[in-house]
Amino acid sequence: MSQPPADEADLRRRLAEAAAIEDPLYFAVVDKATGLAGGQQSLMRIEPAHGVIEIGGVLWGRGVAQTRLATEALYLFAAYVFDTLGYRRFEWKCNDQNEPSKRAARRFGFTFEGVFRQHMIVKGENRDTAWFSIIDGEWPAIRERLEAWLAPDNFDAEGRQRRKL
């Protein structure tokens, strides 16, 4: 467990070190309508030489989880990964016992690839990790499906979806 900063100089040093970290890169998920941050997500395990990157550190609050904002946040990451960076592979990993996360990955278009058994120990407990991915050849169809779902005409005046993703 880290110790609290001893003084302001120590705090500044620690903040500078944290700001210099390039992997993972954390992003706030902000609702444009309210201006409030409702969650976070990161790009991690960034491997430019292999064209592989993972979405991780996902924490979507009640205002984001299971809403249009969550889908848009994921879409923006995927578009950045494939269309801007030109990467080949976008990964999603989660605890194999986390059924909501696995459902979300499939809903967004990720393909289940398997389980890494006894992948790590988290809080003293074994964690089996479920692996999902989208690869570049799949992205155009997934992008089209996400864009159609996110289109304003897919939502009624109360913001309810007309077509499922």
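The values are calculated or read from the model by the stated rules, or taken from the named source; none is laboratory data. Note that the coordinates shown come from a computational prediction; the quantities given were computed from them, not determined experimentally. We place every Cβ from the backbone using ideal geometry, glycine too, and count neighbours over all the protein chains shown.
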Sole exception among (1) of a type in the set (A, V, I, L, M, F, W, C); (2) under 9 Å from the mean Cα position of the chain (by Cα); (3) over 20 Å from residue 150 (Cα atoms) for residue 77, by number: (3)
In region 97-149, the residues that are in contact (Cβ under 8 Å) with a residue 12 or more places away in the chain, surrounded by fewer than 16 Cβ atoms within 10 Å (Cβ to Cβ), in a helix (DSSP H, G or I) and not small (Gly, Ala, Ser): 106, 107, 145, 147
Scan of region 150-160 for residues that are surrounded by 13 or more Cβ atoms within 10 Å (Cβ to Cβ) and in contact (Cβ under 8 Å) with a residue 60 or more places away in the chain, ordered by number: 150, 155
In region 145-165, the residues that are modelled with pLDDT of 95 or more and under 19 Å from the mean Cα position of the chain (by Cα): 145, 146, 147, 149, 150
Candidate set: region 52-87, residues that are assigned to a loop (DSSP other than H, G, I, E, B) and not hydroxyl-bearing (Ser, Thr, Tyr); chosen: the one farthest from residue 41 (Cα to Cα): 86
Filter result (within 18 Å of residue 79 (Cβ to Cβ), in a loop (DSSP other than H, G, I, E, B) and modelled with pLDDT of 90 or more) within region 16-51: 48, 51
Residue in region 127-143 that is within 25 Å of residue 31 (Cβ to Cβ), more than 14 Å from the chain's Cα centre (by Cα) and hydrophobic (A, V, I, L, M, F, W, C) present: yes
Total residues in region 150-165, condition more than 11 Å from residue 68 (Cβ to Cβ) and part of a helix (DSSP H, G or I): 1
